[in-house]
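The values are calculated or read from the model by the stated rules, or taken from the named source; none is laboratory data. Please read these numbers as outputs of a predicted model, since none were measured by experiment. Reconstructed Cβ throughout: ideal geometry from the backbone, glycine too, with neighbour counts over all protein chains shown.
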Amino acid sequence: MGRHAGQELPPSMLLTDLPLLDPYISSKPPWPTEFSALRRDLAAGRDAVMSGGYQGNGAISTQAGLANVEVGESSVWGGIRHDLARPYEGGGGERVNYGYERLNTQLAGNLRFSPQSRLSGFVMRDSHTDARLPNYGIDAPRLDRYTASTVLEHAPRDTGFDRIETGVVFDAISYDADNVSLRDKGSLGLGYKGLWTTTRGSARGEFTTGPFKNAITLDAGLLNYNIDIDALYPSSGSAAFRIPEVHTLQAGLTLATATVLSRQDNLAAGLRLDGIHSESGKRTAWPSVIGSGASSFQVSPQQLWNRYYGNNGESSPTNVNVSGRVQLTHDFEDKDGRLNLDLRRAVRNPDAGERFYASSGPASITQVGNPQLSPEAHHRLEVGARRDGGGFKGNFAPGNAAGSWRLALSGYMDRVVDFITPDRARGQPGILMNDKAIIYRNVDAYLAGGGIESWWQMADGWAARAKLSWTRGENLTDARPLYQIAPLDGELVIEHRRELAPDAMGSVGGRVSFAGSQNRIDAYTATGSGQDTAGGTAGWGLLDVFAGLAVGNRIALTGGIANVLDKHYRQHVNPMPQSPTTRPMVAPGRSAFMTATIAF
């Protein structure tokens, strides 16, 4: 379970989605699912798909291809995608110096070498260059991610297992980042060099005992993280070890079971035990920085942790965590509705940064992880209900009757023990400094939210969908709102599809989306964490329009205009990690999109 806001890396792309996804613009609401429906239908199950797209605001372009070759019961998939994003104009006319170039290549295959056995493999290279991040203090001239995995599946005979699976995954991320290459130079130049590698292995067995279908999974992993910071000016040399060669060894055991209680009721449950040990290989290393201002950097990670937390040299934590889940579903008698209850305890260990950050320097940029953090334990209750009417089968699904509808409701309450929050050093209990540096603490908190979504097949060829979401978060220990909590938001989409000619399907639609203002914030470093760095955000409402044309089963054209009224707005939640320099990005103003997809 990840943090409730922020992300360290650009979002991943699945192999089969390479020709279909829209370019990633972190401050823009994604297009509704209806926008790409014709392209997805066209690409489903085809041997080869090619696509190209262009956005006028920012001259953002995409090109992608996907091919599949099958030989008997074995197959090979290959895909490539190139994105180029340039600075765009916000709704207020300001130029936002955002952009990146991305080349993603993927290859997957599976070999069925016996009726009971299959071997699968996957490799990926995801390369970013010249990534400009105007809402963050650092740009990334280079970021490369490499992933390789292999999985062996086997259905054994005359054993206690119905199916067994073993797999290994290797992931490596290497990047260079700085605040000088892609932006005007400031008073302090810094360069970051990062290398993260993870190797994970797992073995899973599925077996049946009476009415229960069970699974047992053993997994283990070795995770290595290192980020060095070099001072470029006015001092020079190794300035700090932001993540000082952190090694984490993890092993886990998961037991899961599911059963049918009755014709209408199903039960699923699971239990997981984790053991995790972490340590730093550079905890006593001393930066070699020299020159003006070097003294503020001249401290080892261990000295920095001791200075803020007084942990007597302890920096090799070991944790044993227990998580569990019970899920109950009940189908209505007529099978046109469902109730579900989901109760879980999910424990998240502190990540490498939260536990081991060691960014020294002036207090305004100092960020100190806390090796003494306790794991974050979520106790979450979620309830949901769905009701169908008129024989609803899905928007524009074959046989979906005019007047049919679906209504889905959900809500959750998450009581968090030892929530891991960044904060500012103010001499709180357990914090020895009072210099407003970013530190990490455990607090008690809660998260709650709810949503409603409805679908309506208004008439033949006409459909509508509406969605509303709400979230609330509270830091109970400090009696203040949690940072980076999304405001009330929602959307209404109406789409019309009709056959324009034999083998030619056209669609046209529009979306009205909105977000309320968010004034429940944690923005003040004097009394809070300051993580909502730009304060509250105003509400906004947008109009988007889109259209599509599918010709036979070969060609699809989709286009649209986002933010038709050229509104000036910002999203409240920042997708990038929180830091003293993070600011919400101004979202794009009026933007026209066009994408062509060809399938073979």
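Selection of region 363-383 for residues being in a strand (DSSP E or B) and either of a type in the set (Gly, Ala, Ser) or under 30 Å from residue 284 (Cβ atoms) (or both) yields 367, 368, 376, 377.
Only one of the listed residues (339, 373) is more than 25 Å from the chain's Cα centre (by Cα) and aliphatic (A, V, I, L, M). That residue is 339. Being part of a strand (DSSP E or B), in contact (Cβ under 8 Å) with a residue 24 or more places away in the chain and within 29 Å of residue 566 (Cα to Cα) is a condition met by at least one residue of region 114-130. When restricted to residues that are at pLDDT below 95, in contact with a strand residue (DSSP E or B) (Cβ under 8 Å, 6 or more places away or on another chain) and over 19 Å from residue 120 (Cβ atoms), region 141-160 contains 1.
Across region 182-205, a minimum of one residue is classified as surrounded by 14 or more Cβ atoms within 10 Å (Cβ to Cβ), out of contact with any Phe, Trp or Tyr (no Cβ under 8 Å at 6 or more places or on another chain) and outside any strand (DSSP E or B). Across region 131-162, the qualifying residues are those that are among the β-branched types (Val, Ile, Thr) and outside any strand (DSSP E or B), and the one among them that is surrounded by the most Cβ atoms within 10 Å (Cβ to Cβ) is 138.
Of everything in region 309-361 that is out of contact with any Leu (no Cβ under 8 Å at 6 or more places or on another chain) and among the hydroxyl-bearing types (Ser, Thr, Tyr), the residue that is nearest to residue 231 (Cα to Cα) is 359. Taken over region 499-523, residues that are in contact (Cβ under 8 Å) with a residue 24 or more places away in the chain, among the polar types (S, T, N, Q) and more than 24 Å from residue 465 (Cβ to Cβ) amount to 2.
Does region 297-318 include one or more residues that are among the aliphatic types (A, V, I, L, M) and either touching a Phe, Trp or Tyr at 6+ places or on another chain (Cβ under 7 Å) or free of Cβ contacts under 8 Å to residues at least 40 places away in the same chain (or both)? Scanning region 297-318 turns up no residue that is among the aliphatic types (A, V, I, L, M) and either touching a Phe, Trp or Tyr at 6+ places or on another chain (Cβ under 7 Å) or free of Cβ contacts under 8 Å to residues at least 40 places away in the same chain (or both). Taking the criterion of being crowded, with 17+ Cβ neighbours inside 10 Å and part of a strand (DSSP E or B), the residues of region 172-181 that qualify are 173, 175, 177, 178. You will find that of 288, 296, the residue that is outside any strand (DSSP E or B) and out of contact with any Pro (no Cβ under 8 Å at 6 or more places or on another chain) is 288 and no other. The set of residues from region 552-575 being part of a strand (DSSP E or B) and crowded, with 16+ Cβ neighbours inside 10 Å comprises 556, 557, 558, 559, 560, 561, 562, 570.
Evaluating residue 111 against the criteria (1) in a strand (DSSP E or B); (2) under 28 Å from the mean Cα position of the chain (by Cα); (3) touching a residue at least 24 places away in the same chain (Cβ under 8 Å) leaves one unmet condition, (2).
Here residue 302 fits the description: closer than 27 Å to residue 441 by Cα, outside any strand (DSSP E or B), modelled with pLDDT of 95 or more and of a type in the set (S, T, N, Q).
Across region 351-362, not a single residue is classified as in a strand (DSSP E or B), under 30 Å from residue 33 (Cα atoms), at pLDDT 95 or above and not polar (S, T, N, Q).
Answer yes or no: is there a residue in region 257-265 that is buried (at least 17 other Cβ atoms within 10 Å of the Cβ) and not hydroxyl-bearing (Ser, Thr, Tyr). Within region 257-265, none of the residues are buried (at least 17 other Cβ atoms within 10 Å of the Cβ) and not hydroxyl-bearing (Ser, Thr, Tyr). For region 331-385, a residue qualifies if it is among the β-branched types (Val, Ile, Thr) and buried (at least 20 other Cβ atoms within 10 Å of the Cβ), and the qualifying residues are 347, 366, 368.
For residue 58, are the conditions met, namely being surrounded by 15 or more Cβ atoms within 10 Å (Cβ to Cβ), in contact with a strand residue (DSSP E or B) (Cβ under 6 Å, 6 or more places away or on another chain) and assigned to a strand (DSSP E or B)? Judged against the criteria, residue 58 is not a match.
So that you can scan it fast, the table gives a plain yes or no per residue for (1) over 20 Å from residue 549 (Cβ atoms); (2) acidic (Asp, Glu); (3) in contact with a Phe, Trp or Tyr (Cβ under 8 Å, 6 or more places away or on another chain):
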{"position": "36", "(1), (2), (3)": "no, no, no"}
{"position": "44", "(1), (2), (3)": "no, no, no"}
{"position": "54", "(1), (2), (3)": "no, no, yes"}
{"position": "68", "(1), (2), (3)": "yes, no, yes"}
{"position": "73", "(1), (2), (3)": "yes, yes, no"}
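Could you tell me whether region 325-333 includes any residue that is assigned to a strand (DSSP E or B), closer than 12 Å to residue 272 by Cβ, in contact (Cβ under 8 Å) with a residue 24 or more places away in the chain and of a type in the set (D, E, K, R)? Yes, there is a match, as at least one residue in region 325-333 is assigned to a strand (DSSP E or B), closer than 12 Å to residue 272 by Cβ, in contact (Cβ under 8 Å) with a residue 24 or more places away in the chain and of a type in the set (D, E, K, R). If you go through region 455-485 and pick out every residue that is assigned to a loop (DSSP other than H, G, I, E, B) and over 24 Å from residue 406 (Cβ atoms), you end up with 8.
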